[in-house]
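This report refers to the structure that appears directly beneath it.
Any read-out appearing in this document is the output of simple, stated calculations on the displayed coordinates, not a laboratory observation. Keep in mind it's a predicted model, so treat the numbers as computed, not measured. Counting neighbours? That spans all protein chains shown, and the Cβs are built from the backbone with ideal geometry, glycine included.
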Amino acid sequence: MDLTGKNVVYLGGFGGIGQKCVQELLQRQIKALAIFDLVENAAVLAEWKNKNPNTDIFYQKLDITQKSDIEAAYKATAERLGHFDVVVNGSGLMNDRLIELTIQINLLGVINSTLTALEYMDKAKGGRGGLIVNISSVAGLQPTALMAIYSAAKTGLTTFTRAMANPIYYAHSGVGFITICPGFTDTGLLEDIGSKTTFTYETPMVAMFNKIQRQKPEDCARNLVRAIETAQNGAVLMLELGESQEVDMPVMWKPQLSD
């Protein structure tokens with residue numbers, strides 16, 4: 001997708017990866033950018049507006065755990081912009097001590113955001129189609145025992161997004177889906193990991209975790225925006241150490257049909 005002149009919604013745009021992705025998107029001369037996040041970063045928002053006077057940049061308060069917040073944010077954005085072309089679901093939490101919140105933010109909230117966005121984007125309902133990008137994780141590709149709850153939520157998100165990319169749905173709505181699975185990225189999400197693990201007792205996994213190489217958030221952002229521009233509907237992309245690789249997801253089961 002050529003992003004020039006497009007309207008973009010970014011959930012979690014003030015986060016560690018989110019800010020870098022927004023900066024990349026703004027280099028593409030997009031027409032408008034709506035930032036959905038729980039807390040406004042007024043200084044960052046003002047800087048973006050000052051440096052990009054030709055882009056309509058604004059903030060919508062959003063608690064992704066509240067469906068009413070999600071619906072209100074999209075409604076206000078649709079009234080302001082008329083339509084949106086790209087939605088990036090980038091909100092995330094990694095803390096297995098907060099079980100319900102981890103699932104609400106990483107899975108249920110993204111599902112609600114996706115289905116709400118579709119109400120406006122679906123060509124069968126008067127929309128223009130577009131692209132929804134859901135940010136999962138390498139923990140959504142490979143079970144991560146240190147963070148079993150987070151891994152379960154992200155695996156669910158990967159599966160949900162792949163299912164939504166079904167060609168039958170795409171032909172109906174004109175809305176494509178891609179799944180982004182970043183590797184370890186140097187953001188606040190990885191800080192104080194010992195207090196966020198599934199279990200409180202010490203394991204060698206914590207020491208191993210601290211040795212895993214991390215990519216820069218700006219490298220992750222560059223590859224994410226490039227994926228928006230080039231990836232096909234249904235693509236699952238692993239962004240690891242500054243590189244982007246499409247993941248070939250194996251077919252593990254096919255239904256047996258009766259005659």
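Here's the yes/no breakdown for (1) exposed (fewer than 10 other Cβ atoms within 10 Å of the Cβ); (2) farther than 28 Å from Lys6 by Cα; (3) touching a Leu at 6+ places or on another chain (Cβ under 7 Å); (4) not basic (Lys, Arg):
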position: Phe177; (1), (2), (3), (4): no, no, no, yes
position: Cys181; (1), (2), (3), (4): no, no, yes, yes
position: Tyr201; (1), (2), (3), (4): yes, yes, no, yes
position: Gln213; (1), (2), (3), (4): yes, yes, yes, yes
position: Gly234; (1), (2), (3), (4): no, no, no, yes
position: Asp259; (1), (2), (3), (4): yes, yes, no, yes
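Just need a number here: residues in the stretch 108-130 that are without any contact (Cβ under 8 Å) to a residue 40 or more places away in the chain and under 18 Å from the mean Cα position of the chain (by Cα).
1
Could you list, in sequence order, all residues of the stretch 236-247 that are in contact with a helix residue (DSSP H, G or I) (Cβ under 6 Å, 6 or more places away or on another chain) and surrounded by fewer than 18 Cβ atoms within 10 Å (Cβ to Cβ)?
Gly242
Taking into account only those residues within the stretch 52-66 that are surrounded by fewer than 16 Cβ atoms within 10 Å (Cβ to Cβ) and among the charged types (D, E, K, R), which is farthest from Val110 (Cα to Cα)?
Among those that are surrounded by fewer than 16 Cβ atoms within 10 Å (Cβ to Cβ) and among the charged types (D, E, K, R), it is Asp56.
Only one residue in Ser244, Ser258 is without any contact (Cβ under 8 Å) to a residue 24 or more places away in the chain and touching a strand residue (DSSP E or B) at 6+ places or on another chain (Cβ under 8 Å), so which one is that?
Of Ser244, Ser258, the one residue that is without any contact (Cβ under 8 Å) to a residue 24 or more places away in the chain and touching a strand residue (DSSP E or B) at 6+ places or on another chain (Cβ under 8 Å) is Ser244.
Quick check on my filter: what residues within the stretch 1-32 are in contact with a helix residue (DSSP H, G or I) (Cβ under 7 Å, 6 or more places away or on another chain) and of a type in the set (Ser, Thr, Tyr)?
Matches in the stretch 1-32: Tyr10 only.
Determine whether the stretch 123-131 contains at least one residue that is of a type outside the set (Val, Ile, Thr), surrounded by fewer than 20 Cβ atoms within 10 Å (Cβ to Cβ) and touching a strand residue (DSSP E or B) at 6+ places or on another chain (Cβ under 6 Å).
Yes, there is a match, as at least one residue in the stretch 123-131 is of a type outside the set (Val, Ile, Thr), surrounded by fewer than 20 Cβ atoms within 10 Å (Cβ to Cβ) and touching a strand residue (DSSP E or B) at 6+ places or on another chain (Cβ under 6 Å).
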